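Please read the structure below before turning to the comments.
The values are calculated or read from the model by the stated rules, or taken from the named source; none is laboratory data. Please read all numbers here as calculations on a predicted model, not as lab measurements. Backbone-built Cβ (ideal geometry, glycine too); neighbour counts: all protein chains shown. Ligands, DNA and RNA are stripped out before the accessible areas are found, and what is left, the full protein with its side chains, is counted by its heavy atoms. Shrake-Rupley method; radii C 1.70, N 1.55, O 1.52, S 1.80 Å.
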Amino acid sequence: MVYADNAATTKMSKIAVSAMLPYIENFWGNPSSLYSFGQKAAEALVCAREKIAACICASPSEIYFTSGGSESDNQAIISAAKIGARKNKKHIISSSFEHHAVLHTLKKLEKDGFEIELLDVHVNGVINPQQVADSIREDTCLVTVMFANNEIGTVQPIAEIGGVCRARKIPFHTDAVQAAGHIPIDVQKQNIDMLSISAHKFHGPKGVGVLYARKNIPLTNLIEGGAQEKGKRGGTENVPAIIGMAAALEEACANMEENNRKILRLRNKIIGGLKKIPHSALNGDGEKRLPGNVSFCFEGIEGESLLLLLDDRGICASSGSACTSGSLDPSHVLLAIGRPHEIAHGSLRLSLDENNSEDDAEKILQVVPEVVDYLRSMSPLWKDKLIGKREFLLPE
Amino acid sequence: MALYSEKVMDHFRHPRNVGSIENADGIGEVGNGKCGDIMKMYLKIDDDVVSDVKFETFGCGSAIASSSMATEMIKGKPLTEVLQLTNKAVAEALDGLPVHKLHCSVLAEEAIKAAVQDYYDKRNRD
């Protein structure tokens, strides 16, 4: 099997698994318990917090463990909104291609009287920091822009956006779920006030994540309960998962350069090969993108049937077609970069990691063009384009 | 994938009657690119019986499977019977479709009815 859906989830690293096992089998005490057996787990949490803080240049007291990226996004946004509302500042700036964990939270705030401004992400899927500067108002209470997009992989100028926000004293949150462990994060240099991380995107376990919140940023609870996480997130900590997350992030950051050299070579080879398919197009900026992201649109075919046939040939991939999203509209990300509906339906995302091989790339480059050809051969839309009855939307 | 029944996957992987018919007696095309599915049916009709049928589909797995199944259900059938075909019958013949995919079977029914209508329209013109 060729697994090329690492933006969806990743295989757990052996180091992470072996770091977790003792905290499942032996040291299963509650870290809130006073006796030494419980404190053994508490010590491991301290260590995990330190490791994670070090990976993003934060201080351990600024790390809050959560159930994952979505919870972190929710808490960051709700917290900033709450402070804003108190000062009658109800304007939030974000982008049109955020993850739904951000967009749906903003939608909810809109119903509560907040004004949400979603910045245009342009054809290349990259925001210009000047857009943020131009949109900031007296009543802006938060800027939230994702570090790297989950579908088209484009990386945003986070340090610059953060700089704009810092100068105007506006809290800046970034959803770094796709970035953490894959590209360098430095919350100091990049002027980040809040940041969301999900462990299973960098070979850690599912159901665990981090919200980084700078010291002076007050958080609002989403979950009330005990005194865990300085009272900001109730519930007994998922100790093994947190240990696994810390081990995985440490490993990913230590091997980042070496991994990326390999991944970039494979990615560029695949992009180069798929570009040869007539009437296809790479989605998002060619340079400012995650090392493992390949995102294409193929004219005249539909993404779900493409994925099913790739699955039959042993390739796991993803698509932004409506049929895979469970709604009538194709991916909001592809629409945000200006792809027409028809083209957005024919999208394919391959997301690679360091476990992918040259053979995987070869197989992808052999199978994808064959499957695209086959689906086009039965597509009345494609046929109409060939005979000039309909116009091609993507260049040859 | 457990999303679809074995029958849907069989018709998706090995679609029956794919292609077009030159000088077809009736052609029906429904759906649009914006919504992500277009179905086109070609009918050859002799003595008011569907003697041959082909389809072309741009769409998801269940759209392709629904087209394929629908062609099998009408091949060799008199037009009176063909016009009785319902989307429900197509979906049932496929051992069911997920709720959000039922519109694929609707498209299949509509494409066939459009092709029969086209045949009647042409005949009336001649």
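Note on B:E72 and A:D359: with the Förster distance fixed at 35 Å, the Cβ-Cβ geometry gives a FRET efficiency of about 0.35. Given +1 at the Cβ of Lys and Arg, -1 at the Cβ of Asp and Glu and no other charges, the dipole of the protein assembly as shown around its Cα centre is 1500 debye to the nearest 20. Result for chain A in a Gaussian network model with C-alpha springs under 10 Å: among A:S280, A:S379, A:S305, the largest mean-square fluctuation is at A:S379. Only protein heavy atoms count here; on that basis, with a 1.4 Å probe, A:V333 has an accessible area of about 0 Å².
Mind listing which trypsin sites (Lys or Arg not before Pro) in region A:138-178 are in a DSSP loop and have 10 or fewer other Cβ atoms within 10 Å? Can you show the working numbers first?
On the way: sites: A:R166, A:R168, A:K169; in loops: A:R168, A:K169.
Answer in residue order: A:K169.
For a paramagnetic label modelled on A:K169 (point 7 Å from Cα along Cα→Cβ), amide N atoms under 17 Å away belong, within region A:59-94, to A:83-91. Most fluctuating residue of A:L386, A:L352, A:L310 in a GNM of chain A with Cα springs under 10 Å: which is it? Residue with maximal mean-square fluctuation among A:L386, A:L352, A:L310: A:L386. Here the simple spin-label model places points 7 Å from the Cα toward Cβ, and for A:K276 and A:K111 these points are separated by 5.1 nm. Of the residues A:V121, A:I77, A:V102, the one whose Cα sits farthest toward the positive end of the charge dipole of region A:32-132, with +1 on the Cβ of Lys and Arg and -1 on the Cβ of Asp and Glu, is A:I77. Taking Cβ separations below 4.7 Å as the criterion for a possible disulfide partner, the isolated cysteines in chain B are B:C35, B:C104.
The angle between the Cα long axis of helix A:14-25 and the main principal axis of chain A comes to about 40°, on a 0 to 90 degree scale.
Given charges of +1 on the Cβ of Lys and Arg and -1 on the Cβ of Asp and Glu, with all other atoms neutral, how large is the dipole of region B:25-126 about its Cα centre, in debye to the nearest 20?
Details: 12 positive and 17 negative charges, 53 e Å.
Charge dipole, region B:25-126, about its Cα centre: 260 debye, nearest 20.
If you plug the beta carbon distance of B:R125 and B:K34 into 1/(1 + (r/R0)^6) with R0 = 30 Å, you get a FRET efficiency near 0.45. Annotation for the B:A interface, with buried accessible surface near 2000 Å², both sides summed [1.4 Å probe; non-protein components not counted].
What the Cα atoms of region A:14-105 give is an Rg and a Dmax of 17.9, 51 Å. Note on A:V123 and A:H100: the model spin-label points, each 7 Å out from Cα along the C-beta direction, lie 3.0 nm apart. Taken one residue at a time, the phi angles of region A:335-342 give Karplus couplings (6.51, -1.76, 1.60, θ = phi - 60°) of 5, 5, 8, x, 6, x, 3, 4 Hz. Gly and Pro are set to x.
Among the chymotrypsin sites (Phe, Trp or Tyr not before Pro) found in region A:27-56, those both in a DSSP coil and sparsely packed, with 10 or fewer other Cβ atoms within 10 Å of their Cβ, are A:Y35. Each residue, A:S33 and B:S20, gets one label point 7 Å from its Cα in the Cβ direction; the gap between the two is 7.4 nm.
Straight-distance candidates among the lysines for linking to A:K108, with alpha-carbon spacing under 29 Å and chain neighbours fewer than 8 residues away dropped: A:K82, A:K87, A:K89, A:K90, A:K169, A:K201, A:K206, A:K215, A:K230, A:K232, B:K34, B:K101. The antiparallel fraction among DSSP beta bridges confined to region B:6-121 stands at about 95%. Suppose a student asked you for the relative contact order of chain A, using Cα pairs under 8 Å spaced at least 6 residues apart; what percent would you report? Averaging sequence separation for qualifying contacts and normalising by length gives 21 percent for chain A.
Roughly how big is region A:14-254's charge dipole about its Cα centre, with Cβ charges of +1 (Lys, Arg) and -1 (Asp, Glu), in debye to the nearest 20?
Numbers: 24 positive and 25 negative charges, 112 e Å.
Approximately 540 debye in magnitude.
In this structure, the amide hydrogen of B:V18, modeled 1.01 Å from its nitrogen in the peptide plane, lies closer than 5 angstrom to those of B:F55, counting only residues at least 5 positions away or on a different chain.
Only protein heavy atoms count here; under a 1.4 Å probe, A:H182 has an accessible surface of about 50 Å². Between the listed residues B:S5, A:A159, B:G36, the Cα displaced farthest toward the positive end of the dipole of the protein assembly as shown, a dipole computed from Cβ unit charges relative to the Cα centre, is found at A:A159.
Report which residues of region B:43-76 become buried by 20 Å² or more of accessible surface when going from the isolated chain to the complete set of protein chains (1.4 Å probe; DNA, RNA and ligands ignored). Listed by number, the residues meeting the 20 Å² cut-off are B:E56, B:T57, B:F58, B:G59, B:C60, B:I64. Among B:G19, B:G59, B:G33, the largest mean-square fluctuation in a Gaussian network model of chain B (Cα springs under 10 Å) belongs to B:G33. In region A:14-254, what percent of the accessible surface is made up of carbon and sulfur (1.4 Å probe, ligands and nucleic acids excluded)? So the carbon and sulfur contribution to the accessible surface is 55 percent. Of the GluC sites (Glu not before Pro) found in region A:248-334, the ones in coil according to DSSP and having at most 11 other Cβ atoms within 10 Å of their Cβ are A:E287. Could you work out the relative contact order of chain B? I mean the mean sequence separation of Cα pairs under 8 Å and 6+ apart, divided by the number of residues, in percent. This gives 31 percent for chain B.
For A:V46 and A:K11, what is the calculated FRET efficiency with R₀ set at 35 Å and r taken between the beta-carbons, to the nearest 0.05? With R0 = 35 Å, the Cβ-Cβ based efficiency is 0.80.
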